[in-house]
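The values are calculated or read from the model by the stated rules, or taken from the named source; none is laboratory data. Bear in mind the structure is a predicted one, so any value in this text is a computation, not a measurement. We place every Cβ from the backbone using ideal geometry, glycine too, and count neighbours over all the protein chains shown.
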C-alpha cells in the first residue's frame, strides 16, 4: 500500500473546511441582529415622548457595515418618538477587534402603544368629558397625540364611541369672553393686581384686556390670571 504524505498546510485547510458550518454562521449573524435590535429598541423607548408607552420594534434596516455588526455599545435617536413610524437611529461602536471607533445610521420601524382615554359614548362638541371616557391601550399614530388632562374639559369637536381622545379635541376650562377677572401682573419681586376683562384668544389660552387697553395672556390660577412680565 502506498502512503501519501500531505503537506501540513493542506491538512490544516482540509480540517478547517470540514469543521465549517453554515448553520453556526447563520446563528451568529442572527444573534448579532438580536443584539442590535435590543439596543435600538431600548434607545427608542428612552426617546419616547409618551409616558409609559410601549415601543414594539418591527424591523431594522441597515447596510452590511462592519461597524453595525455585533453589539453596538450605544444607540442614539435624534428626535422624540411620539407615535408609530420610521425613525433614524445612530449606532456608535467599534470595528471588530476594537481597533477604531465608528458609527453608522439605521432605519427602525416601530409601533407605539399607550394607555389613553377612550370615549365610552359619542361626545359631541361642547360636551364635557366627565363620565364619558375610560382607559385602554391604543396604537399612537403620527401627529395624533393623546389627551393627558380631561378634568373640567369639554370637547372641541365630536369624538366617536371607542375613539381615543386626542389632545387637539380638548378645550380646557377657562374664561369666557366678557367675564371680569382679577389680573395679577408679576415682574420679578413685584406684583400688581387690577381688574380686567376676558377676551377671546387661542384655544387653551386665557387672555384679558386691562383698563389701559393692553392685552395680556397668562395662567388661570384660583380664579386669577397670573401674567409674568419680563
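Kindly indicate which of 130, 147 is closer than 25 Å to residue 221 by Cβ and touching a helix residue (DSSP H, G or I) at 6+ places or on another chain (Cβ under 6 Å). If you could, list the steps in order and put the result at the bottom.
On the way: 130 fails: touching a helix residue (DSSP H, G or I) at 6+ places or on another chain (Cβ under 6 Å).
Just one listed residue meets the conditions, 147.
When region 149-175 is examined, which residues are found to be exposed (fewer than 12 other Cβ atoms within 10 Å of the Cβ) and in contact with a strand residue (DSSP E or B) (Cβ under 7 Å, 6 or more places away or on another chain)?
Passing the criteria: 160, 161.
Sort out which residues of region 158-186 are in a strand (DSSP E or B), over 27 Å from the mean Cα position of the chain (by Cα) and over 14 Å from residue 222 (Cβ atoms), and write them in order of number.
Narrowing region 158-186 to residues in a strand (DSSP E or B): 159, 164, 166, 170-171, 180-186.
Now narrow it down to the ones that are over 27 Å from the mean Cα position of the chain (by Cα): 180-186.
Listed by number, the residues that qualify are 180, 185, 186.
Residue 125 - would you say it is loosely packed, with under 14 Cβ neighbours inside 10 Å and over 25 Å from the mean Cα position of the chain (by Cα)?
The answer is yes for residue 125.
Could you figure out which of (1) closer than 14 Å to residue 116 by Cβ; (2) outside any loop (DSSP other than H, G, I, E, B) isn't true of residue 149?
Unmet condition: (2).
Would a scan of region 191-203 turn up a residue that is touching a residue at least 60 places away in the same chain (Cβ under 8 Å), touching a strand residue (DSSP E or B) at 6+ places or on another chain (Cβ under 8 Å) and within 19 Å of residue 128 (Cα to Cα)? Walk me through it before giving the result.
Keep residues of region 191-203 that are touching a residue at least 60 places away in the same chain (Cβ under 8 Å), which gives none.
No, region 191-203 has no match at all.
Give me a count of the residues in region 217-229 that are more than 33 Å from the chain's Cα centre (by Cα) and not in a loop (DSSP other than H, G, I, E, B). Let's see the steps before the verdict.
Start the filter on region 217-229 by keeping residues that are more than 33 Å from the chain's Cα centre (by Cα), which leaves 223-224.
Add one more test, that the residue is not in a loop (DSSP other than H, G, I, E, B), and what stays is 224.
The number of residues fulfilling the criteria is 1.
Of the numbered conditions (1) without any contact (Cβ under 8 Å) to a residue 60 or more places away in the chain; (2) under 18 Å from residue 36 (Cα atoms); (3) surrounded by 13 or more Cβ atoms within 10 Å (Cβ to Cβ), residue 108 satisfies every one except a single condition; which is it?
Among (1) without any contact (Cβ under 8 Å) to a residue 60 or more places away in the chain; (2) under 18 Å from residue 36 (Cα atoms); (3) surrounded by 13 or more Cβ atoms within 10 Å (Cβ to Cβ), the lone unmet condition for residue 108 is (1).
I'd like to know if region 195-213 contains one or more residues that are part of a strand (DSSP E or B), outside the structural domain of residue 54 (by TED's automatic domain parsing) and loosely packed, with under 12 Cβ neighbours inside 10 Å.
Within region 195-213, the subset part of a strand (DSSP E or B) is 195-199, 206-209.
Okay, now just the ones that are also outside the structural domain of residue 54 (by TED's automatic domain parsing), so 195-199, 206-209.
If we keep only those that are loosely packed, with under 12 Cβ neighbours inside 10 Å too, we end up with 195.
Yes, because at least one residue in region 195-213 is part of a strand (DSSP E or B), outside the structural domain of residue 54 (by TED's automatic domain parsing) and loosely packed, with under 12 Cβ neighbours inside 10 Å.
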